[in-house]
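Colleague: The structure under discussion is supplied below as structure tokens; questions concerning it will follow.
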Amino acid sequence: MKILIFTAATGGGHRRTSQAMEVYFSQHIPNAQVRVVDCLREINYLVDKTVCGSYEFMATKAPKMYGALYNNTQKPKVDVVPTLTAVCSRRMLPSIRQFGPDIIITTHPFAGQMVSHLKEKGKIGQPLISIMTDYGPHRAYLAAGIDAYIVPSQECKKALIELEVFPEKIYPFGIPIFDTFFEKRDQVALRKELELKLDIPVILVMAGSFGVTNIMGIYRELEQLEQDFQLVIITGRNKKLYDTFEKLLPEAKKPWKLVFFTTEVEKYMQASDLLITKPGGLTISESLACNLPMVVFDSIPGQEEDNAEFLVRRGMAVRMRKGDSCGEIVNSLLTHPELLADMKAACQDYDASQVCANMIPLMQNLLQRQPAEFGRQHSSRHRRRFGRRKARA
């Protein structure tokens, strides 16, 4: 089976999901050939830099602007995304024709729109699967040429049905992540390996894809708490944030460990008792796989707010809103361990460990269906079931 995965670099989640599927399918499908392609780079360098740069700017400098854009494009009559992606879709054809995939998977809404447009125009005919990498659906993911949606929860499936997607096309398998996050390790052994104390709680702080300016405020509040605990701070590739924390090490009141970029996030998660993080779709999926309760902060208006609300509804996290004290929240959790235990149990109840395994028979089923059946699915009646998203692009 030849599988082509289209992704984009707006944040790290779409790529990590693609890479996780690439590894899994390569290992578990006999003679599989899997290729991951960045759809924005495929269009051209300028488009890639403009879209990714605009996303990073709005996410970090103008979140209200991003939230307004997110909400406005959620409206049925606003068809900006499919119109723009239709213009660029022809740039995807060389990669598709050169590789000759049996099936196409997309992990970004722009990619889904572009491949769908090519299908609707009769340029390609491969089955198309769309992966949603957040816990609240956005209308930009919807397109007439998509044959199956992989979504993270039953709530997300219900929301898609309300947006007029056929129920039989929606599969609440979860969000694909690397299998290493699901491997259960001994916490004591992990703490020894990571040189952490064994007898006090571990609080893990992660700064997010682009780093977070108010992470220093969170650190200062945690430093003032009287409870015994140790901090692990992962700054990612944010060298400025890492250097700032490194200067504070000699004056630290709590035992702590500072980590730059690491490929062993799953070890730190499984060694910890609580995670403080932004609610990016992949980060929280990895935390849930490790059964790690969360305090989530700095939600970008839009998908991260949807993610945060999902976690709170399920009892898996506490949301820190503007004006809330992280110190007070953590203090309450540490002094009431039963609260942390309940959150951990809620994380355990959410099991997405079989998402990639479940996708394999789905792909095989899609490939076995006759082309005529796919043609019937993309009739005008079918298109009207996507919030009047007729293929105008």
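Colleague: Carbon-plus-sulfur fraction of the accessible area of region 169-266, 1.4 Å probe, in percent?
Modeller: Ligands and nucleic acids excluded, carbon and sulfur give 51 percent.
Colleague: Continuing with the same structure: Put TYR268, TYR171 in order of accessible area, largest first, 1.4 Å probe: what do you get?
Modeller: Largest accessible area first, the residues go TYR171, TYR268.
Colleague: Ranked by accessible surface with a 1.4 Å probe, highest first, in what order do THR283, THR106, THR263 come?
Modeller: Numbers: THR283 25, THR106 0, THR263 115 Å².
I get THR263, THR283, THR106, largest accessible area first.
Colleague: I've got another one for you. Under a crude label model (7 Å from the Cα following the beta-carbon direction), how far is ARG41 from ARG237 in nanometres?
Modeller: Here the modelled spin labels are 1.1 nm apart.
Colleague: Just by accessible area at a 1.4 angstrom probe, what is the order of HIS336, HIS14 from largest to smallest?
Modeller: Accessible-area ranking of HIS336, HIS14, largest first: HIS336, HIS14.
Colleague: Between SER95 and GLU264, what is the label-point separation in nm under the 7 Å Cα-to-beta-carbon projection?
Modeller: About 3.3 nm separates the two model spin labels.
Colleague: If r is the Cβ-Cβ distance from GLU223 to ASP199 and R0 is 22 Å, what FRET efficiency results, to the nearest 0.05?
Modeller: 0.65
Colleague: So, one more: Quote the accessible area belonging to MET1 in square angstrom, nearest 10, computed with a 1.4 Å probe and with ligands, DNA and RNA left uncounted.
Modeller: Approximately 40 Å² for this residue.
Colleague: In debye to the nearest 20, how big a dipole does region 188-327 give about its Cα centre with +1 on each Lys and Arg Cβ and -1 on each Asp and Glu Cβ? Write out the running numbers ahead of the final one.
Modeller: On the way: 18 positive and 20 negative charges, 32 e Å.
Magnitude of the dipole: close to 160 debye.
The values are calculated or read from the model by the stated rules, or taken from the named source; none is laboratory data. Predicted model only: the values in this text are computed from it and were never measured. Because the Cβ atoms are built from the backbone with ideal geometry, glycine has one as well, and the counts that use them run over all protein chains shown. The accessibility values were calculated without ligands, DNA or RNA, using every heavy atom of the protein model including side chains. Shrake-Rupley method; radii C 1.70, N 1.55, O 1.52, S 1.80 Å.
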